[in-house]
1. Report yes if PHE111 is under 15 Å from the mean Cα position of the chain (by Cα) and among the aromatic types (Phe, Trp, Tyr), otherwise no.
2. Going residue by residue through the range 28-39, is there one that turns out to be among the aliphatic types (A, V, I, L, M) and part of a loop (DSSP other than H, G, I, E, B)?
3. Does ASP55 qualify as being within 30 Å of GLN160 (Cβ to Cβ) and open to solvent by 60 Å² or more (accessible area, probe 1.4 Å)?
4. Limited to the range 1-44, what total is found for residues that are surrounded by 14 or more Cβ atoms within 10 Å (Cβ to Cβ) and of a type in the set (Phe, Trp, Tyr)?
5. So GLU97 ticks every box in (1) more than 17 Å from the chain's Cα centre (by Cα); (2) closer than 17 Å to GLU141 by Cα; (3) in contact (Cβ under 8 Å) with a residue 24 or more places away in the chain but one. Which box is left unticked?
6. Provide a single number: the residues in the range 125-162 that are polar (S, T, N, Q), open to solvent by 20 Å² or more (accessible area, probe 1.4 Å) and touching a helix residue (DSSP H, G or I) at 6+ places or on another chain (Cβ under 8 Å).
7. Any residue at all in the range 81-93 that's assigned to a loop (DSSP other than H, G, I, E, B) and either out of contact with any Lys or Arg (no Cβ under 7 Å at 6 or more places or on another chain) or on the phi > 0 side of the Ramachandran plot (or both)?
8. Within the range 112-149, how many residues turn out to be outside any helix (DSSP H, G or I) and either under 22 Å from PRO34 (Cβ atoms) or in contact with a strand residue (DSSP E or B) (Cβ under 7 Å, 6 or more places away or on another chain) (or both)?
Amino acid sequence: YMNELDIKKKTALVLPYLQKAGLVALPPDCNTGPRLQQILTAAGDRIKVAGDILDFAHFFITDDQLPYDEKAFQQRLRKPGAAELLRRFRHQLANVEPFDAGTTEAALRSFLESEGIKIGEIIHALRVAVTGQSVGLGMFEALAILGKASTLARIDRALQSA
């Protein structure tokens with residue numbers, strides 16, 4: 001049923017769940033609709049019922065309140081060398097313009113090549129740092145939805161705890 005709905009109808013159906021959870025104001029601010037539409041588009045068929053939007057709450061939580069999956073954080077960010085790689089990639093991300101899925105992916109590919117590493121050596125640490133989780137939407141779509149300021153703030157916060 002959800003897959004058959006247009007994006008505006010999906011947005012209208014999921015918004016009350018976010019509001020009831022205290023993740024979105026009532027009435028929502030002007031940035032909520034476009035962000036929510038980006039999330040719904042990126043999530044695709046992962047949203048089977050309207051309440052499934054709560055699986056993506058990390059996009060609505062303030063950067064300084066993002067909870068981390070402790071097991072994932074331990075495994076991905078406290079792994080020897082992971083935090084230093086993420087720190088170096090963070091500096092490269094800070095210069096990415098425009099900050100969208102294509103340019104962030106290109107930046108990561110360039111970083112992998114310059115460091116001589118494989119994607120698995122950094123992508124999981126990056127995901128946990130910015131979403132608090134080990135699984136989720138496509139990494140580059142997630143970065144674009146969060147935007148540069150939130151992405152960098154979340155990486156900085158994760159690095160402080162790593």
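1. Taking the combined requirement at face value, the residue does not satisfy it.
2. Looking through the range 28-39, none of the residues is among the aliphatic types (A, V, I, L, M) and part of a loop (DSSP other than H, G, I, E, B).
3. Judged against the criteria, ASP55 is a match.
4. Count: 1.
5. Every condition holds for GLU97 apart from (3).
6. Residues that pass the stated criteria total 4.
7. Yes, that holds for at least one residue.
8. Residues flagged as outside any helix (DSSP H, G or I) and either under 22 Å from PRO34 (Cβ atoms) or in contact with a strand residue (DSSP E or B) (Cβ under 7 Å, 6 or more places away or on another chain) (or both) within the range 112-149 amount to 3.
The values are calculated or read from the model by the stated rules, or taken from the named source; none is laboratory data. Just so we're clear, the structure is a prediction, and the values are computed from it rather than from any experiment. Cβ sites come from the backbone with ideal geometry, for glycine too, and all protein chains shown count toward neighbours. SASA here: full protein model, heavy atoms, side chains in, ligands and nucleic acids out. Shrake-Rupley method; radii C 1.70, N 1.55, O 1.52, S 1.80 Å.
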